[in-house]
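Q: Below you'll find the structure I mean.
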Amino acid sequence: HTKAECDCQHLGPAMDEVISIIASGGVPLLSITPTKKDPYLKVEVERYSGSKRYIAFSHVWSDGLGNPTANTLPICQLFRIRDLIDELLSGISSVDLVNRLAFEALWKKKFHGPSMSFWMDTMCIPVAPEHHELRSKAIKGMKAVYERAFRVLVLDSDIQECSTRGYTQSFMRIRMSAWMRRLWTLNEGVLAQRLCVKYADGILDVQAASESYEKQVKRSARYMDSYGTPVRDADSFNWKFRLLRMNVLHDPDPR
């Protein structure tokens, strides 16, 4: 739950639809849609198509968004997920959405409809024992899920307590995080075409922040002479991600 005193019920997608999509070789995507009746939202399922834009979440299960017994989450967490998606989209200009052919996201951004589709392992990978083969199949398909995502949004409990103030501090938080120390989630970050990280005061687009800093500082003699300093240590994870991405993907250029 998002708060210790919360006791709201759990809710998830229709797993028969999720299982059917995985069994046929597809990838299930979810969307959180408001309703007029309690619990005031529902989780809808659709099959990924090549033109579909979606957000993939990368998170540490122990932070509260994992569920080893069912493909559900507390309703309070689902509201939070919806808010995170809306926050991420609000930071993307309408022009950028048009350039990326994300017309559906643009429509929702303008007219406050359902949030953009998303993928999260907690609800998209079956956990029931009778579906262990499909679970393995879904896990093997995760590489493609993170490669194709419009954005990959990182959720780490420690980072979310910090602000984005200062390039060095923001990047060092990522480098020293629990998310960064887990090979599973680190892999998701490397595969991301566009990596974003949630902080207490907003969402940091790693690539955009790095490009902006590069224009301001990186070309200066001061930066070139800063090897071994905190700013270079903080910055190093980003270019290492890019090098790894070039080695694992056929088309590593971001959209």
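The values are calculated or read from the model by the stated rules, or taken from the named source; none is laboratory data. Predicted, not measured: the structure shown is a model, and the values here were computed from it. When we count neighbours, we look across all protein chains shown, and the Cβ atoms used for this are built from the backbone with ideal geometry, even at glycine. The area values use the complete protein model at the heavy-atom level, side chains included, leaving out ligands, DNA and RNA. Shrake-Rupley method; radii C 1.70, N 1.55, O 1.52, S 1.80 Å.
Q: Check cross-link reach from Lys140 to the aspartates and glutamates: straight Cα distance under 14 Å, and skip same-chain residues fewer than eight apart.
A: Straight-line reach from Lys140, under 14 Å: Asp121, Glu188.
Q: Restricting attention to region 1-81, which GluC sites (Glu not before Pro) occupy a DSSP loop and are surrounded by at most 11 other Cβ atoms within 10 Å?
A: Details: sites: Glu5, Glu17, Glu44, Glu46; in loops: Glu5.
Filter output for region 1-81: Glu5.
Q: Got a number for the accessible area of Arg47? Probe 1.4 Å, square angstrom, nearest 10.
A: That residue has around 110 Å² of solvent-accessible surface.
Q: Given a Förster radius of 30 Å and the C-beta distance between Ser20 and Arg181 as r, what FRET efficiency does 1/(1 + (r/R0)^6) yield to the nearest 0.05? Show your work: numbers first, answer last.
A: Values: r = 36 Å, r/R0 = 1.20.
So the FRET efficiency works out to roughly 0.25.
Q: Under a plain spin-label model, where a point goes 7 Å from the Cα along Cα-to-Cβ, how far apart in nm are Tyr40 and Ala200?
A: With each label placed 7 Å out from Cα toward Cβ, I get 2.7 nm.
Q: Please give, to one decimal in nm, the separation of the simple spin-label points placed at Ser163 and Asp7, each 7 Å out from Cα toward the Cβ.
A: 3.8 nm
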